[in-house]
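What follows is one structure encoded as structure tokens, with my remarks underneath.
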Amino acid sequence: MSSREIGASNDALLQLSELDTFYGPSQVHFGMSLHVRRGEIVCLLGGNASGKSTTMKVILGLVKPRTGEIHFDGHDLRPLSTPQIVRLGIGSVPEARRIFGAMTVRENLLMGAYTRRDRAAVAEDYERVLEIFPRLRERLQQRGGVLSGGEQQMLAMARALMGRPRMICMDEPTMGLSPLFVDKVLDLIQTINAQGITVLMVEQSANLALQIADRGYVLQNGCIVVEGDARDLLLSSDIQEAYLGGQEYVI
Amino acid sequence: MFKTVNSRIAIASALAAVVLAACGAPAATQAPAAKQKAPAAEQKASAEPIIIGVSGPLTGQNARYGEQWKKGFDLALEEINGAGGVDGRKIEYVFEDSQSDPKQSVVVAQKFVADPRIIVEIGDFSSGASMAASKIYERGGLVQFGMTNSHPDFTKGGGEYTWSNSSTQSQLAPALAELAVATVGLKKPAVLYLNTDWGKTTYQLFEEKAKSLGAEIVANEAYLPEEKDFKSALTRVRDANPDGLILISYQADGALIVQQLEGAGLKLPIVGASSLQSPDFLKLGGKAAEGVLLRAQFLPSDPQPRIKNFVDKYKAKYNETPDFFATHAYDTIKLLKEEIKIGGATREGVKTALAQLKDVPSVIYGKVTFDKETRRVSDPTFVNLVVKNGEFVAWEGK
Amino acid sequence: MAQLEIHNLTRSFDGVLAVDDVSFDVRDGETVSVIGPNGAGKTTLFNLVTGVDAPTQGRIDFDGRSLLKLAPQEYAGVGIARTFQHGRVFGNLSVMDNVLIGAYARSQAPSRGPLVELVRALVQGKAVREEERALRREAEEILALFGERLLPRREQQAFGLSYANRRRVEMARALMARPRLLLLDEPTAGMNPTETREILEFIRGLRQRGMTILLIEHKLSLVMELSDRVVVMDNGRKISEGAPHVVRNDPKVIEAYLGTKTHERERTARSAPAERGSGGDGI
Amino acid sequence: MDPTLRTFIDQTINGLAIGNVYALTAVGLALIFGVANLINFAHGSVYMIGAYVGWVCVTWLGWPLPASFAAVAVVCGALGVALERFGLQGLHRKARIAPLLATIGISFALDQATQLLFTANPQSFPNPLPAERIALGGVSIGAIDVLIAVVGVSTAGILFGFLRFTQLGWALRATAQDRDAAQQMGVDVEGVNRATFGIAGVLGGLAGALVGLYFATVYPTMSFQAGIKGFAANLLGGLGNVPGSIVGGVVLGLVESYGVAAFGATYRNLFAFAILIGVLVVRPAGLFSRRRTLPPEPMTGTFVPNSRPVRVPRAVVIGGIAVALCFPVLVSDPYLLQILTNAWLLAMVALSLTLVTGTAGQSSLGQAGFMAIGAYASALLSLRAGLPFEIALIAGSLIAAVLGTLLVLPAFRLRAHYVAIATLGIGEMVNQVIANWDGLTNGVLGLTNIPPPSLFGIEMVTPRATYWYSLALLLLAALLQLRLLRSHLGRTWRAIREDDVAAQSAGVGLNRYKALAFAVSAGMAGMAGAFSGHMYSYINHETFASSTSILALTMAILGGMGNMVGAVVGAVLLTALPEVFRGLVDYRYLVYGVVLLLLVRFRPQGLLGTV
């Protein structure tokens, strides 16, 4: 494990160290490191195309970094396939939700529990999840594709919960949602966290995400440029600089 | 990911070299396909075998006909070579697979023409493959002997080097019409025919003769060789209210038609062409084939010695009744043996001897003499058969 | 005088408004940028302007002529060239051929019937050879604008180039059309800071030579440095327009990017189209 | 009952029965396309093997029907899995054309292996069901019709249940909809891939066994037709659309049945392909497509592989040409000369295909149709109008160019796989029209006594003369093509292949260049066909079968897309390989298939790479 990241600690559930990631010839991460402790909500902030979504893909094993290390709860994730990583307890709410549009809401939810064999517990969780998301209960037999954007977001979150993950990675959970739904989603993330699930969320709306997060990182052009306690970040002007462009362009 | 350019060129050129090298090889190394079990004592060590070239389908759509040919050839050669061959020389054949595809039959033709050991060629199976090669055989001075080539122009393709012992439609079709109209008494028959050069010509000649005998053809349905579902066509036939059905079909499609008749609500007397005469037609047609009348060229259960001997030997060797194609193959080898006896084992010899042959014994025709103009069998004979209890038996009239 | 005029442009997908009543214009010699957070409708807007998609309502005029009647391949002819978001180069073509394709619309080739074109390609008479030679010279000049990045690689196949170089090839191809309006879709996406800086300088050079440019870009620092005017979109709507420093300090823009700090949010309630899953051919 | 109504009901029942079988075949193809994004050319072979397994169980082992069907399901399911595991695994990351070719190789090998095992003879598959028919008013239904209906409907039901209610079914649907998201749910998508091939194998095998039973016959070559009809049904419903494929199968069955009722049995395939092309033109994504599709991502790196072509030094090419020209001087064996003459003619077809498919990116499986047009035009002109060979040859290829382009015109709005299937259909239609148009083409009797190739009145009939003549034509065609490729036209075609959206944005009108590419290609293929016709002296509707189109595509892919030297090398190799394997007699096409498969595995971009 790399010791170069400031504040890296042994109680980290997830640890990314010195990642260099490429899409073909184009480099996305430049020596990127971050960690997530047990029980935290961590948000990864950054403008468009800063490498946030790729970070999620790297954690889930959909993209493999060229160099660097990824550890989750003592397991080296680099050699593992996505299904193996999911089985270790990482759930995901992918970017743009990626609902299975031709499947019913119920089927989408049960897809979330795909890796589980404890049928009784799945049935229990199913009820529990529907209690958290009562809107979904009304739409159990509808196709996922006909739901509104907000409902799809809920479905994606509920689907992730069905896997009983230890950690959930959420990619822009508030994107494209109306303000009412944004509040709702943020509340739900806190609810989920209160149940002992660690959350790593990628967000563009910094002010929103930092309201509920414990810590935050700001990613710019594939590097972490700012990190710290959520409350401190909320107050600092660093973020606006990082988003809307400071005096110095080249870092 | 990329190997060096050099290694790739090396691979490609190595492959090309192997291919070209191997191309040159087979003509020299290929052993005749026939395996003979003649006792060693009867062989003359010095005598080179006489080689017949066969071009036909062993793979592809028509492979089954090639397989039947082989059986007939092998049986005939077993007899001939067992009896010491011709002038002490054994006869063997080289069977080159053409898939009955003209692209390949012309290659095979060139191969045979270039191989001086080969004195006569048999085949190919389909008209397209056979006739594409006719000119090559003619130019090479090698007789092309067609067994299945009833296309009216087949023996015109290679001039005096193209011969056939396949009866032509001009012989078969009127005979079929006589059976159907004059003997059975159908006045309003419907005809199903295979839409190939064979089926179509047969149909046209049949129609001509049937009309002259006073019958009216109320429906005629052509179908493609790969057709398997005749129900729609038979429904059309049914709507024309025929009093009988004429099948100008091969074995497998003929069997399918008789099977699907009941489904189409048709119960009619059926008269078929000689091509239906095959154990396959009985096997595939099952109960539905019962009662079908055939205008055929020979009857396997015929007690005449020429037929019985052959059928018994064939059954002993292959444990099945010979079909039309295997019988033709057997006959052809026997016929060529006679030629070689007369004309000698040379290409020119074969050509001249064919015209001189007279009354050569044949399982199918009884006796074969060629018409020097058409280079086909003169006056072939026909018999009437009926399917009874799963067998072909002679039909003696109603 | 305004060259490109966009009036009340609206595009809805199954009732969801991806672009909602957007109007702005781009004048001769100006560089205008369109920015906005993910899902703001920039890509849809760009697709409309480039003729890949058709609006539900509104007008797009270029030099007073409506663009909506043109087929995608007719844009080059009226003087509009574009680059693509993910860098669409012709992978198995050489860099030179990629750039030469850019000159298609203004070359002699398509000016007469297809048979004449075929014969000319077969015969390759003097006029054809002359034109080809002239275009090659011109293409080399354009490639030289990127310094030593492309020129030495002009006979290489484009798929083997670095990502940044592929984007450069795309730009060279667009320039080869001698456009009067250049549409750039995220020209620096996926580039590192040094490469981004180079592209910035390159676009600045084009600007100085009087090229009219419409730019969609995420790297706002680059937008701020390059643009005469910036149009900001959020949730399909234009929420702000003006000079870079004005837009940067517009509270509505900051909110769109960072989200509100309080719960009194003023953003219009509207959902972006569901990007996935709507109407999959059901297995 | 009114006889017309009775006929109509009968034809409807016929159509439903056969349509049911098409549907079963099509569903398997749809599943595979949905999950693996691949058209499986080996599906017909699985169907054929299903028929054989059923036949073995019923007639050899004497098993009852249900047990036999269970055995078919098990064996064909396993075969499907094995096909994916050994034939295709790893290839899906390569350009899409590679697995397509791999399935062609596999189907060669499977068909031939079956023939070796059970002989080429059709085998009788007696129907163990009672022969009684159920009378319903004026019409009657046989037990086998009922069985087909029962198996068809219950299979559809089981499939529906499987997809709706089982975990694997969900995983399959999820993978088909969104591979990445499915992975993030923990779905092992590779496993799902295999399972899909397994299920498709079960369905295909059952369809084959049913058809074997229905027609009481099984034979090794039943695979090709089944595959083609399965595609057609699948395409009607939309590639990858399962319910659509079922409807597509039934529609195809009904249309064929009514078509035969109205026009006769020889029009069956003509009908099937006409409706197919019609639907493709009106609704390219199938009858039931809901999605309004924006232009998809470029085909770069997906269909045509990226590769650095092997630069064959000019000296090698010129040396090769010199060797080819001198060959007959050194070697007089007419057999070798004829093989190479065939190779030159097929190389012309491969060049024509590599132009339209390799260079312009429009996958064509209709070259045999163009050859047939050229051959018939040239033969008829010299037979009936008495034109000299040279004039007839040129006129023939021009007619092929014009007619060919007009025929393909409706397919211009299609892309990738769809173009391939549409052109395959067009090629089949050309042959069907030739077989049925007695007045012009002499129908199935074909054209006899076509004058041999000649030059200034001198007949060119010796093996050497035809060798040089065909080689000269090939070189001429290659020279013309090279000139086109080196002009702006070649550049424009290749740009369209690489990315038609980007090409359009540069001002390139697609239809014009597709038309030009098809015209040149059809003309060249037509010339090869015309020369062949004169060389054979006899042609009929079967001389230029669809298998020649597939062969030419194989040659072009093997050599490398758009690669002219590659096309010629591919043609020489693939013409020579079966000859080399002649010593293997019955095994040669089995070996050929395996060699093809291996080449695809180790060099998916073709021997010399894409240009």
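The values are calculated or read from the model by the stated rules, or taken from the named source; none is laboratory data. Note that the coordinates shown come from a computational prediction; the quantities given were computed from them, not determined experimentally. In this analysis, Cβ positions are derived from the backbone assuming ideal geometry, glycine residues included, and neighbour counts consider all displayed protein chains. Note: accessible area is taken over every heavy atom of the protein model, side chains too, but ligands, DNA and RNA are not part of it. Shrake-Rupley method; radii C 1.70, N 1.55, O 1.52, S 1.80 Å.
The table below lists the values:
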item	result
For chain D, calculated [θ]222 nm from helices alone, where every DSSP H run of n ≥ 4 adds -39500 (n - 2.57)	-23000 deg cm²/dmol
Whole-number percent relative contact order across chain A, with pairs defined as alpha carbons under 8 Å at least 6 apart	26 percent
Lys/Arg +1, Asp/Glu -1 at C-beta; segment B:239-398 dipole; positive extreme among B:GLN297, B:ALA329, B:TRP395	B:ALA329
Computed [θ] at 222 nm, deg cm²/dmol, chain C (DSSP H ≥ 4; -39,500 (n - 2.57); rounded to nearest 500)	-10000 deg cm²/dmol
Sequence of C:SER33, B:SER301 from largest to smallest accessible area, 1.4 Å probe	B:SER301, C:SER33
Distance histogram in 10 Å bins (all Cα pairs of segment A:90-164, percent per bin)	22, 59, 19, 0
Cα-based radius of gyration of chain C once divided by 2.2 N^0.38 Å, which approximates compact folds	1.09
Global geometry of chain A, whether rounded, prolate or oblate, following the gyration tensor of its Cα atoms and the 1.5 cut on a/c	prolate
Interface burial for C against A (accessible surface, 1.4 Å probe, total of both chains, Å², rounded to 100)	3700 Å²
Distant-in-sequence amide H partners of B:GLU92 (H built 1.01 Å from N, under 5 Å)	B:ILE50, B:ILE51, B:ILE52
With every protein chain in place, segment B:217-371: carbon and sulfur % of accessible area (1.4 Å)	50 percent
Occluded residues from segment D:208-232, i.e. those whose accessible area drops by 20 Å² or more once the chain is not alone (1.4 Å probe)	D:TYR214, D:PHE215, D:ALA216, D:THR217, D:TYR219, D:THR221, D:GLN225
Note, ³J(HN,Hα) from phi for segment D:511-521, Karplus 6.51, -1.76, 1.60, rounded to Hz, x at Gly and Pro	4, 4, 7, 5, 4, 4, 4, 5, 5, 4, 5
Average beta carbon contacts from partner chains per residue of C:148-160, 10 Å cutoff	2
Dipole moment magnitude, nearest 20 debye, chain C about Cα centre, only Lys, Arg, Asp, Glu C-beta charged	520 debye
Per-peptide average of other Cβ atoms within 10 Å, ordering B:262-273, D:323-334, B:53-64 highest first	B:53-64, B:262-273, D:323-334
Rounded to 5, the percent of DSSP beta bridges in the protein assembly as shown classed as antiparallel	50 percent
Cα-Cα pairs of segment D:309-610 separated by more than 32 Å (percent)	23 percent
Whole-Hz couplings from phi, Karplus 6.51/-1.76/1.60, listed for segment B:319-336; x for Gly and Pro	6, 7, 6, x, 9, 4, 6, 5, 5, 4, 5, 4, 4, 5, 5, 4, 5, 5
Amide H partners (placed H, <5 Å) of C:MET233, local residues excluded	C:ILE35, C:GLY36, C:ILE239
1.4 Å probe, heavy atoms, protein only - residues of segment B:60-88 losing at least 30 Å² accessible area vs chain alone	B:GLN61, B:ARG64, B:GLU67
Peptide D:426-438 - average C-beta neighbours from other chains (10 Å radius)	1
A:LEU180/D:LEU409 FRET efficiency (R0 60 Å; Cβ-Cβ; nearest 0.05)	0.65
Electrostatic dipole magnitude of segment B:49-97 [Cβ: Lys, Arg +1; Asp, Glu -1; Cα centre; debye, to 20]	60 debye
Fraction of accessible area attributable to carbon and sulfur, segment C:90-177 (%, probe 1.4 Å)	53 percent
Unit charges on C-beta of K, R, D, E only; dipole of segment D:3-282, Debye	260 debye
Positive-pole candidate from C:SER23, C:GLY236, C:ALA144, dipole of chain C, charges at beta carbon	C:ALA144
Highest-first arrangement of C:58-67, B:358-367, B:247-256, where packing means the average Cβ count within 10 Å	B:247-256, B:358-367, C:58-67
Percent of Cα pairs exceeding the 18 Å cut-off, where the set is segment A:111-215	48 percent
Protection proxy ranking of B:165-177, A:130-142, D:419-431 - average other beta-carbon atoms within 10 Å, highest first	D:419-431, B:165-177, A:130-142
C:THR194 accessible area, assembled protein chains, probe 1.4 Å, Å²	90 Å²
Accessible surface buried once D binds B (1.4 Å probe; total of both sides; Å²)	7000 Å²
For chain D, Kirkwood radius (reciprocal of mean inverse C-alpha pair distance, Å)	25.2 Å
Stokes-Einstein D in µm²/s, Kirkwood radius over Cα pairs - segment C:82-153 at 4 °C with 1.567 mPa s viscosity	94 µm²/s
FRET efficiency for D:ARG483 and D:ALA385, using Cβ-Cβ distance with R0 set to 41 Å, rounded to 0.05	0.85
Accessible area that becomes buried as C packs against D, both chains, 1.4 Å probe, Å², nearest 100	4300 Å²
Beta bridge orientation in chain A: antiparallel %, DSSP, nearest 5	55 percent
Listed residue (D:TYR469, D:SER537, D:ALA385) projecting farthest to the positive dipole end of segment D:309-610, Cβ model	D:TYR469
Solvent-accessible heavy-atom area per residue, rounded to whole Å², over chain A at 1.4 Å	36 Å²
Accessible area expressed per residue, chain D, with surrounding protein chains retained (probe 1.4 Å, Å²)	32 Å²
For segment B:128-138, Karplus couplings with θ = phi - 60° (6.51, -1.76, 1.60), whole Hz, Gly/Pro x	x, 6, 5, 6, 5, 9, 4, 4, 5, 5, 4
Spread of Cα-to-Cα distances over 20 Å intervals beginning at zero, given as percent, for the protein assembly as shown	9, 32, 33, 19, 7, 1
Pairs from B:LYS70/B:LYS287; B:LYS90/B:LYS388; B:LYS315/B:LYS358; B:LYS187/B:LYS287 whose Cα-Cα separation, in the structure shown, is over 32 Å	B:LYS90/B:LYS388
For A:THR115, net neighbour charge (Lys/Arg +1, Asp/Glu -1) across residues whose Cβ lies under 11 Å away	+2
Chain A, accessible surface, carbon-and-sulfur percent (1.4 angstrom probe)	49 percent
Sum of -39500 (n - 2.57) over DSSP H runs of 4+, divided by residues of chain B (222 nm, nearest 500)	-13500 deg cm²/dmol
Long-range tail of P(r) for segment B:170-296 (Cα pairs > 19 Å, %)	40 percent
